[in-house]
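The values are calculated or read from the model by the stated rules, or taken from the named source; none is laboratory data. Keep in mind it's a predicted model, so treat the numbers as computed, not measured. Side chains are part of the model used for accessible areas, which takes the heavy atoms of the whole protein and leaves out ligands, DNA and RNA. Shrake-Rupley method; radii C 1.70, N 1.55, O 1.52, S 1.80 Å.
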Amino acid sequence: MSRRHLARNAMQSREEGLSVGHLMGKARASLLSGLDGELARFGLSGMQFAVLKYLGDGAARTAADLCRFMHYDTGAMTRILDRLEQKGLLRRERCREDRRVVFLHMTPHGRAQLPSYMAAANEVLATHLAGFSAAEVEQLKAYLGRMIDNGQGEGENRQLAAGGKS
């Protein structure tokens, strides 16, 4: 094969990879936009909902946990938490053993509202998956799960190569 042919194949491969990433980004943006629109009637944003969902699921207990999961900086997360606290949906509580740690707790009002927020999120997702068969949804979940697993494996490999722990 000529160099030109190899270079063209490499460029096509890169463009195909970018188009998949581009489409995934557009799908994410569309989901978030739909979620923002659906949650507006509750006076909530999609990111605020995500915080409440992580807290409600028990996946996160602190702002640091949320920053790691959501890839948000601490300043942005503080502003989100301030707004949720003002709305009476969560409260902060200092750890008794280590005052630097602040635990986040959903209020009873927040817990009572969460099912309504979840229903709104499920509606947005159902709209985006309209026309997909059950088998196609399962296949999509399998593909996305594999991508996540591949990416997590790559991250662990980078940590090991850098001398970190996985």
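Points to keep in mind about this one:
- Debye-formula intensities of region 89-133, expressed as log10 I(q)/I(0) at q = 0.18, 0.22, 0.28, 0.32 Å⁻¹, are -0.66, -0.76, -0.91, -1.00 (one equal scatterer per alpha-carbon, no solvent).
- Using θ = phi - 60° and Karplus 6.51 cos²θ - 1.76 cosθ + 1.60, couplings along region 110-126 (whole Hz; Gly, Pro as x): x, 4, 5, 7, 3, x, 5, 5, 5, 4, 5, 5, 5, 5, 4, 5, 4
- Rounded accessible area per residue of region 30-148, 1.4 Å, Å²: 62 Å²
- The apolar share of the surface of region 49-112, taken as the fraction of accessible area on carbon and sulfur atoms (1.4 Å probe, ligands and nucleic acids excluded), comes to 48 percent.
- Mean shadow area of region 32-166, taken as a quarter of the surface of its Cα convex hull (nm²): 10.5 nm²
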